[in-house]
Amino acid sequence: MHNKMYTLITGASEGLGKSFALECAMRNMNLVLVALPDSGLNELADFIRRNFPVSVITLERDLTEPLSCEGLLSEIQNQDLHLQVLINNAGIGSTIPFAEGTVELYERQIRLNVLATTIITRLFLENLERNTPSYILNVGSMASFFFLQRKEVYGATKSYIHFFSRSLRKGVIRDGIHVSVLCPGGINTNLSVILLNRKLGWLSKLAVMNPEQVAAVAMAGLFKGKAVIVPGVINNIFMVLDRLLPEFVKARITSYGMKNLKVDDRYKRLLMSETAISIAEGKMA
Ligand SMILES: NC(=O)c1ccc[n+]([C@@H]2O[C@H](COP(=O)([O-])OP(=O)(O)OC[C@H]3O[C@@H](n4cnc5c(N)ncnc54)[C@H](OP(=O)(O)O)[C@@H]3O)[C@@H](O)[C@H]2O)c1
């Protein structure tokens, strides 16, 4: 029996999730890291254990599998772990014309981005309630604020995360649980996103951030109790413009931006994450 407090991070093997793991380790927070099997999670955990005075537990799970979130809860209960922070980061992105995405891709995107986030939050609520003040950080996206071609499903999953987080915040604050939603713009996390970010217009390119910067801003915002965290000065200017500009002007700007993402066929594969490619090729059910 121990009274250590833990932070659970989903999708922690790569990209933003990995930066969250390192940011939390720097803050001396004990970690439960969750990602797909064979994703390099154990190597990351070893690195953190060697360099920071924190406990790290790894759980390899495909969160789109039925009952995987319940399995995660059982593991945490069996090990009697006390959670104080939950970071729902795992998510599948894609930037392709709607008709080019497979049914399997959209199904998996909705299962991971929407269902897993909701179920994990519900299942771990009692644990968080016992360790207040406690915190939930849901990773949304700036795509949740705009109507974007090529991101129809992704943007809609992130709008769900936005509404879910802000509504939940109202209900659980009286129990001592603080909920924030992180809405980043482009982040140079993995090869597909880096390539995509290179194709953006100059202003959007300027707004692209590194995952370490985003993780640091997000954790600071979470502990300050911010409802919505939009990292980066330029992204915040976009948000102000969003409130000021009339709808038809915004529609023209966003559709111009997305249409101009003309990608050479050779690179089309890269505009889907590795996971999305595996799904499209039928390697993942
Ligand atoms: N990158 C951006 O520009 C950007 C912008 C706004 C918001 N976001 C959001 O930020 C979050 C992280 O994005 P990222 O760019 O860092 O993504 P990423 O580099 O593709 O990393 C995603 C993480 O989630 C894990 N994961 C994927 N499918 C999973 C599953 N079924 N079960 C468990 N774990 C799974 C991955 O494990 P594997 O390594 O094994 O695949 C990886 O650790 C996402 O929610 C994304 O929507 C990203």
(message) For a quick check of your reading of the model, give me the residue pairs whose first member lies in the stretch 63-77 and is within 10 Å of the ligand (Cβ to nearest atom), whose second is open to solvent by 20 Å² or more (accessible area, probe 1.4 Å) and among the acidic types (Asp, Glu), with beta-carbon atoms closer than 9 Å and at least 6 apart or on different chains.
(response) THR64/GLU107; SER68/ASP62
(request) Report yes if some residue within the stretch 79-97 is away from the ligand (no atom under 12 Å from the Cβ), assigned to a helix (DSSP H, G or I) and open to solvent by 30 Å² or more (accessible area, probe 1.4 Å); otherwise report no. (result) no
(message) I'm trying to understand the selection: among the residues of the stretch 26-46, which are within 15 Å of the ligand (Cβ to nearest atom), outside any loop (DSSP other than H, G, I, E, B) and either small (Gly, Ala, Ser) or surrounded by 14 or more Cβ atoms within 10 Å (Cβ to Cβ) (or both)?
(response) LEU31, VAL32, LEU33, VAL34, ALA35, LEU41, ASN42, LEU44, ALA45
(message) What pairs come out if I take residues in the stretch 182-202 that are within 28 Å of LYS226 (Cα to Cα) and among the hydroxyl-bearing types (Ser, Thr, Tyr) and pair them with residues that are open to solvent by less than 50 Å² (accessible area, probe 1.4 Å) and near the ligand (Cβ under 8 Å from one of its atoms) whose C-beta lies under 8 Å away, six or more apart or interchain?
(response) THR189/GLY15; THR189/LEU16; THR189/PRO211
(message) Every residue in the stretch 175-212 that is at pLDDT 95 or above, surrounded by fewer than 18 Cβ atoms within 10 Å (Cβ to Cβ) and over 18 Å from the mean Cα position of the chain (by Cα), please.
(response) ASP175, GLY176
(message) Residues that are within 16 Å of the ligand (Cβ to nearest atom), open to solvent by less than 60 Å² (accessible area, probe 1.4 Å) and among the aliphatic types (A, V, I, L, M): does the stretch 166-174 have at least one?
(response) no
(message) Being within 17 Å of VAL34 (Cβ to Cβ), open to solvent by less than 20 Å² (accessible area, probe 1.4 Å) and out of contact with any Cys (no Cβ under 7 Å at 6 or more places or on another chain) is the filter here; which residues of the stretch 115-138 pass it?
(response) THR117, THR121, PHE124, ASN127, LEU128, ILE136, LEU137, ASN138
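The values are calculated or read from the model by the stated rules, or taken from the named source; none is laboratory data. Remember, it's a predicted structure, so these values are computed and weren't measured experimentally. Note that each Cβ is placed from the backbone with ideal geometry, even for glycine, and that neighbours are counted across all protein chains shown. For the accessible areas, the whole protein counts, side chains as well, though only heavy atoms, and no ligand, DNA or RNA atoms are used. Shrake-Rupley method; radii C 1.70, N 1.55, O 1.52, S 1.80 Å.
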